[in-house]
Amino acid sequence: MNKTPTIRKHSHFFAYMARLKLIKRWGLMRNTQPENNAEHTAQVAMIAHGLAVLQSARYNGNLDAGFVAALALYHDVGEVITGDLATPIKYFNPLIKEAFFRIEDVAARKLLDMLPDDLHPTYGPLLAPDMTTLAWRLVKAADRIAAYAKCVEEIKAGNSEFALAAESILKSIEAIDIPAVRDFMNDFAPSYALSLDELD
């Protein structure tokens, strides 16, 4: 007896993820080197992984660095639906900030709903993270550090447009009370200002 084959519904989730490269960052700023969300996400994931390793190795953080890296990979996924709203607009006042965060949350949940049900237990904590955890705080710190690195890169290229942003972002990083963040800024961040010859 012939069985009718099961027709699977296609999931658009990873096709949406591939579009992160189409979302431009720093939309109101003149860039010498344009940056997209895919590039930013890769850098945030590397930095977040490094922060988790530092925190665990030096401060008994007992963190799953792989999970932290995965959390970072998905930290901006809602923007494939919402686009990247420039920081001066997003934080213009509390109402705009709250409304945009709600929109981002709806977008992330829409993406989660694109996945088959059996994958929700794995992707749910990545797309709708617990924002009270140290893992998430490290991801947000990595996001700030990556933004600071971008500012340093632009300033190094002679673009003074990023000078005030660099100062503001550096202050926000210095206010983060996580030892691994302090160590990263002391041990690794200064190298962002060096040329390739100086790195060699």
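The values are calculated or read from the model by the stated rules, or taken from the named source; none is laboratory data. Since we're looking at a predicted model, the values are computed, not measured. Counting neighbours? That spans all protein chains shown, and the Cβs are built from the backbone with ideal geometry, glycine included. Accessible surface areas use protein heavy atoms only, side chains included; no ligands, DNA or RNA. Shrake-Rupley method; radii C 1.70, N 1.55, O 1.52, S 1.80 Å.
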Report task. Could you tell me which residue of the range 169-200 is surrounded by the most Cβ atoms within 10 Å (Cβ to Cβ), considering only residues that are part of a helix (DSSP H, G or I) and among the polar types (S, T, N, Q)? Result -> Ser172
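Residue by residue, here is whether (1) open to solvent by less than 40 Å² (accessible area, probe 1.4 Å); (2) modelled with pLDDT under 95; (3) among the β-branched types (Val, Ile, Thr) holds:
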residue: Ala45; (1), (2), (3): yes, no, no
residue: Arg58; (1), (2), (3): no, no, no
residue: Ala65; (1), (2), (3): yes, no, no
residue: Val68; (1), (2), (3): yes, no, yes
Query raised in the report: Restricting attention to the range 155-168, which residues are of a type in the set (Gly, Ala, Ser) and either in contact with a strand residue (DSSP E or B) (Cβ under 6 Å, 6 or more places away or on another chain) or not in a helix (DSSP H, G or I) (or both)?
Result: Ala157, Gly158
Requested in this report: Would you please name the residue that is nearest to Thr82 (Cα to Cα), looking only at residues in the range 103-117 that are among the aliphatic types (A, V, I, L, M) and in contact (Cβ under 8 Å) with a residue 40 or more places away in the chain?
Outcome: Leu111
Report summary line: Within the range 23-34, of all residues that are in contact with an Asp or Glu (Cβ under 9 Å, 6 or more places away or on another chain) and not polar (S, T, N, Q), the one surrounded by the fewest Cβ atoms within 10 Å (Cβ to Cβ) is Arg30
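Looking at the range 115-123, is at least one residue open to solvent by less than 80 Å² (accessible area, probe 1.4 Å), closer than 14 Å to Leu71 by Cβ and not charged (D, E, K, R)? Show your work before the answer.
The initial filter retains those residues of the range 115-123 that are open to solvent by less than 80 Å² (accessible area, probe 1.4 Å), namely 115-116, 119-120, 123.
Within this subset, residues satisfying the condition of being closer than 14 Å to Leu71 by Cβ are 123.
The next check asks that each one be not charged (D, E, K, R); those that pass are 123.
Yes.
Could you please find all residues in the range 126-136 being of a type outside the set (Ser, Thr, Tyr) and open to solvent by less than 60 Å² (accessible area, probe 1.4 Å)?
From the range 126-136, those of a type outside the set (Ser, Thr, Tyr) are 126-131, 134-136; that's our starting set.
Residues satisfying the conditions are Leu126, Leu127, Ala128, Pro129, Leu134, Ala135, Trp136.
Go through the range 91-137 and report how many residues are in a helix (DSSP H, G or I), at pLDDT below 85 and touching a helix residue (DSSP H, G or I) at 6+ places or on another chain (Cβ under 7 Å). Talk me through it step by step, then tell me what you get.
Just the residues of the range 91-137 that are in a helix (DSSP H, G or I), to begin with: 94-114, 117-127, 134-137.
Filter once more, keeping what is at pLDDT below 85: 94-105.
Now restrict to residues that are touching a helix residue (DSSP H, G or I) at 6+ places or on another chain (Cβ under 7 Å): 96-97, 100, 103-104.
Count: 5.
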Report summary line: Within the range 141-168, residues being open to solvent by 10 Å² or more (accessible area, probe 1.4 Å) and of a type in the set (Val, Ile, Thr) number 2
